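Notes follow once the structure below has been shown.
The values are calculated or read from the model by the stated rules, or taken from the named source; none is laboratory data. Computed from a predicted model, the values in this text were never measured in an experiment. Methodologically, a virtual Cβ is constructed for each residue, glycine included, from the backbone with ideal geometry; neighbour enumeration extends over all protein chains shown.
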Amino acid sequence: MERRSDQPVILASRQELSPSCFALELLCPGPLTATPGQFIMLGPTAGADPLLRRPFSVAGVGESPRGVLVQLLVKEVGKFTSLLRRLPIGSELSLLGPLGQGFRLLEAPPRPVLVAGGIGLPPVLFAARELSQRGIPFDLFYGAASSHELLLPQEVKRATNGLAVFCTDDGSFGEQGLVTEVLRRLWQKSYSRILACGPTPMLYAVAQLARERQVEAELSLEEPMACGVGVCLGCVVRLHDGSYVPSCQAGPVFLASQLAERW
Amino acid sequence: MVTVVQLATQVGSLTLRNPVLAASGTFGYGLELVDFCPPEALGGVVTKGLSPRPRAGNPTPRIVETPAGMINSIGLQNIGVEAFCTQVLPALRQRGATVVVNVFGETEEEYATVVERLEREDGVAAYELNVSCPNVGKGGMEFGHDPSSLDLLVRMLRRLTRRPLWVKLSPNAPHLLAVAEAALAAGADALTLVNTFRALAIDAKKRRPAVATGFGGLSGPAIKPLALRLVWEVHRAFPQAPLVGIGGVLTGEDAVEFLLAGACAVQVGTATFRNPAACLEVVQQLQAFCQREGVEDVRELIGGLRWR
């Protein structure tokens, strides 16, 4: 069997998106294929600070003459994300992945509705791009606190043929209100499944809406993660049978119906 | 410069092909990381702690990174000894991995149940008794902190098996030397030093502990000097006792330090979380160190610390 390993990648570009968020492109010399909802573990190539890699959901994968470009959207929340924001372009990082179970795009009956909140955009944007490419019709709702916090609105429009519904809590752009409230208001009977990533309260609301409308929801969860490959058991999520499963392998995308009662 | 380095080592009567083992709780049951790090290439793999029945483990959050380390409180989530025997052990055996089974119980009887079940299976090289987990309510640390409880536990298990019994000790024990002495006197073949340090990380904004159980166990490079000190102290007190050193090993040179402090072998734990091939890389770096430094046999290093 071929040995799997991490691979060195180059920080190819960085784009500021909001006061706290930025986009990165990583150039991978080796082959890399990812599906929407999968993640990578990223860390420095040397040194023990930070000690552990950090998980990042993949926002997109593209080809370039020099190799595969992996797009990430990052929110500065701590030591490593702060480092990523200052790291010179051309720096080397170490990437492990892609990992995990993504959205079940091919299983999803038409017509899925995609929901993203804030920095939860990456897997949803990736899924939108993939669905567009396959010619599968879908709708997309994207919410943030204010217009300044809406990431990559042009890319979101492009991936949805201009049909994305934007929402802001303060009404500074698009519909006013929480994205889940707007979705409830504009719900269409043709919606067959919800694919969502965002803050936990948003995901609770999505799961509740899915139950009410009797559709399945696929939720991309975020848990603190040490290894990303199923051995630390730090990132576990509780299922309805009471068992804990590692979100790095059983997830990070879970069916809401699998999850413990609180969902 | 030495071209051929003898990497094989002995932990008591058990020969390991090299001194690097994957630590319990960081390498699954031995097969999870085969694509990154074949278990048969290591000195051995120590399984996730096994209890008589499956355990769900602790609520979340369970982990947090701290300076040069991490705190975990997993709570010994495991599939139980029966599933290990039927679903995992045959494949490990077939690969030729040296398997050390980490054993956990809430009571003496539970430890015995696990060992008795494993006695019916081939392919177990040794048992490592977890008497030092800081993250469970019952069992574990109770035995590791009290020499007389540990004495009874080890004597009872000693009667059940001829396989090597390693006892993984807690650095949180108030009198580690007394606990070590009790384990050895009761028939332990080796001591694993050390499990995680009980620790607390605080989320200042939430004013709450960072892991759900409050306290957790600290591992990683932050604890290496503490672990080295304990290995050296136990080695000095019991120079004949085989010791397996563990605590913050990231590199081959870290492994060398534990050998110099008196360990016959080392375990690599948290390093595997940052790099699933870490154990293999430690073996390679250890070999390279020996080549550079003219060490023909890795056993020359054991206890070789020049204290003064």
**Prompt:** Can you spot a residue in segment A:55-76 that is without any contact (Cβ under 8 Å) to a residue 60 or more places away in the chain, part of a loop (DSSP other than H, G, I, E, B), within 20 Å of the chain's Cα centre (by Cα) and closer than 16 Å to residue A:121 by Cα?
**Reply:** yes
All-but-one check, residue A:37 against (1) more than 11 Å from chain B (Cβ to nearest Cβ); (2) assigned to a strand (DSSP E or B); (3) small (Gly, Ala, Ser); (4) surrounded by 18 or more Cβ atoms within 10 Å (Cβ to Cβ), failing number (2)
Residue check, residue B:154 surrounded by 17 or more Cβ atoms within 10 Å (Cβ to Cβ), at pLDDT 95 or above and assigned to a helix (DSSP H, G or I) = yes
Among (1) surrounded by fewer than 24 Cβ atoms within 10 Å (Cβ to Cβ); (2) within 14 Å of chain A (Cβ to nearest Cβ), residue B:125 falls short only on (2)
Selection from segment B:164-209 of residues assigned to a helix (DSSP H, G or I) and over 15 Å from residue B:226 (Cβ atoms) yields B:177, B:178, B:179, B:180, B:181, B:182, B:183, B:184, B:185
Among the residues of segment A:249-262, the number that are closer than 24 Å to residue A:126 by Cβ, away from chain B (no Cβ under 11 Å) and either touching a His at 6+ places or on another chain (Cβ under 6 Å) or surrounded by fewer than 24 Cβ atoms within 10 Å (Cβ to Cβ) (or both) is 7
Among residues of segment A:1-27 being within 14 Å of chain B (Cβ to nearest Cβ) and in a loop (DSSP other than H, G, I, E, B), the residue modelled with the highest pLDDT is A:6
### Message
Just to be sure before I move on: is residue B:26 assigned to a loop (DSSP other than H, G, I, E, B), among the hydroxyl-bearing types (Ser, Thr, Tyr) and under 18 Å from the mean Cα position of the chain (by Cα) in the structure I sent?
### Response
yes
A careful count of residues in segment B:17-40 that are in contact with a helix residue (DSSP H, G or I) (Cβ under 6 Å, 6 or more places away or on another chain), among the small types (Gly, Ala, Ser) and under 21 Å from residue B:253 (Cα atoms) gives 1
Would you say residue A:145 is surrounded by fewer than 16 Cβ atoms within 10 Å (Cβ to Cβ) and either small (Gly, Ala, Ser) or in contact with a helix residue (DSSP H, G or I) (Cβ under 8 Å, 6 or more places away or on another chain) (or both)? yes
If you go through B:65, B:110, the only one that is buried (at least 17 other Cβ atoms within 10 Å of the Cβ) and free of Cβ contacts under 8 Å to residues at least 12 places away in the same chain is B:65
If we keep only residues of segment A:193-225 that are surrounded by fewer than 18 Cβ atoms within 10 Å (Cβ to Cβ) and in contact (Cβ under 8 Å) with a residue 40 or more places away in the chain, then the residue nearest to residue A:124 (Cα to Cα) is A:199
Expected single match for within 14 Å of chain B (Cβ to nearest Cβ) and either surrounded by fewer than 20 Cβ atoms within 10 Å (Cβ to Cβ) or out of contact with any helix residue (DSSP H, G or I) (no Cβ under 9 Å at 6 or more places or on another chain) (or both) among A:30, A:78, A:100 is A:78
Checking B:122, B:146 in turn, the sole residue that is among the acidic types (Asp, Glu) and within 25 Å of residue B:229 (Cβ to Cβ) turns out to be B:146
Those residues of segment A:111-169 which are at pLDDT 95 or above, of a type in the set (Val, Ile, Thr) and more than 17 Å from the chain's Cα centre (by Cα) amount to A:165, A:168
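Which members of segment B:59-96 meet the condition of being within 11 Å of another protein chain (Cβ to nearest Cβ) and farther than 18 Å from residue B:197 by Cα?
B:59, B:60, B:61, B:77, B:78, B:79
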All conditions in (1) under 29 Å from residue A:49 (Cβ atoms); (2) of a type outside the set (Phe, Trp, Tyr); (3) within 14 Å of another protein chain (Cβ to nearest Cβ) are true of residue B:132 except (3)
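Is it the case that residue A:121 is closer than 19 Å to residue A:59 by Cβ, in contact (Cβ under 8 Å) with a residue 60 or more places away in the chain, part of a helix (DSSP H, G or I) and touching a Leu at 6+ places or on another chain (Cβ under 9 Å)?
The answer is yes for residue A:121.
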